[in-house]
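The values are calculated or read from the model by the stated rules, or taken from the named source; none is laboratory data. This structure is a prediction, so every number in the text was calculated from the model and none was measured. FYI the Cβ positions are ideal-geometry reconstructions off the backbone, even for glycines, and counts take in every protein chain you see.
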Amino acid sequence: MKLLEIQSSVRACGSISRRLSDEFIQAWSTAHSKTQQKKRDVGINPPTHPTELWTKANYTLPKERSHLMASVLTESEILIEELLWADRILLGVPMYNFSVPSTLKAYLDNVVRINRTFTFDPATYTFQGLIQGKKALIITPSAGNFVVGTPLAEMNFCDTYLRSVLGFIGITDVTVVPVPEQFMSNEIRQQEMTMARTKLMKIATDW
């Protein structure tokens with residue numbers, strides 16, 4: 001089993017998503033002794049944003065790309081190969097202003113590429129994801145409570161976006177573990193952390 005960890009918090013210390021990810025990976029490694037792991041930290045080391053040249057290169061056939069075009073896509077190719085390598089993908093994604101961190105958006109813009117992670121059929125106007133047979137687990141702390149069924153749920157563009165974009169490239173088995181109310185009292189924060197840990201420990205054994 002091969003696990004790719006993607007962290008997007010800009011905080012190296014004090015990050016809830018990082019802390020819970022570490023705890024999950026420890027439990028996961030215990031349950032799956034032969035696990036191979038890779039880590040991609042886009043929060044601390046964000047990928048380069050796509051540029052005009054990047055976009056032109058992306059829509060140019062590989063055999064017709066100039067050396068410069070191929071070079072500008074190198075980072076993107078590395079990120080995509082990591083996704084293709086993994087069986088399981090763990091994403092630590094704190095909610096920033098109702099959505100994902102901009103560093104993670106830059107990462108996704110690098111990996112959602114036609115004929116690499118999805119195809120498009122102009123005859124039927126349909127898309128097909130190419131990243132098949134994988135599972136994703138998302139740990140998403142938030143200041144308030146934005147889970148389904150709460151008054152603020154309609155402002156949650158973090159979970160909904162991630163499910164949509166991952167599904168678009170073929171990753172449809174997605175589990176989200178929210179960690180809400182992190183700006184509330186210490187008692188409430190700890191209760192939410194405990195519930196999240198319980199969920200994650202269970203997932204670690206059978207995911």
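Here are a few things to note about the model shown:
- Options Met201, Met155, Met193; residue that is farther than 30 Å from Thr51 by Cα and surrounded by fewer than 17 Cβ atoms within 10 Å (Cβ to Cβ): Met201
- Every residue from region 91-134 that is polar (S, T, N, Q) and either under 17 Å from the mean Cα position of the chain (by Cα) or closer than 22 Å to Val10 by Cα (or both): Asn97, Ser99, Ser102, Thr103, Asn110, Thr117, Gln132
- Any hit, region 70-83, residues being assigned to a helix (DSSP H, G or I), over 30 Å from Thr160 (Cβ atoms), among the aliphatic types (A, V, I, L, M) and modelled with pLDDT of 95 or more: yes
- Residue list for region 36-56, filter: surrounded by 15 or more Cβ atoms within 10 Å (Cβ to Cβ) and within 18 Å of Glu81 (Cα to Cα): Gln37, Arg40, Asp41, Val42, Pro46, Pro47, Pro50, Trp54
- So Thr140, is it polar (S, T, N, Q), assigned to a strand (DSSP E or B), at pLDDT 95 or above and under 19 Å from Gly43 (Cα atoms): yes
- Candidate set: region 135-151, residues that are under 22 Å from Ser15 (Cβ atoms) and free of Cβ contacts under 8 Å to residues at least 60 places away in the same chain; chosen: the one surrounded by the fewest Cβ atoms within 10 Å (Cβ to Cβ): Ala143
- Qualifying positions in region 160-207 - under 21 Å from the mean Cα position of the chain (by Cα), assigned to a helix (DSSP H, G or I) and hydrophobic (A, V, I, L, M, F, W, C): Leu162, Val165, Leu166, Phe168, Met193, Ala196, Leu200, Met201, Ile203, Ala204
- Cross-chain or 6+ apart pairs with Cβ under 7 Å, region 190-207 first and farther than 20 Å from Ala143 by Cα, then surrounded by fewer than 17 Cβ atoms within 10 Å (Cβ to Cβ) and among the hydroxyl-bearing types (Ser, Thr, Tyr): Ile203/Thr175
- When region 84-121 is filtered for residues that are assigned to a loop (DSSP other than H, G, I, E, B), closer than 19 Å to Gly133 by Cα and of a type in the set (S, T, N, Q), the ones remaining, listed by number, are Asn115, Thr117.
- Residue identified as over 16 Å from the mean Cα position of the chain (by Cα) and either among the aromatic types (Phe, Trp, Tyr) or part of a helix (DSSP H, G or I) (or both) among Lys34, Lys63: Lys63
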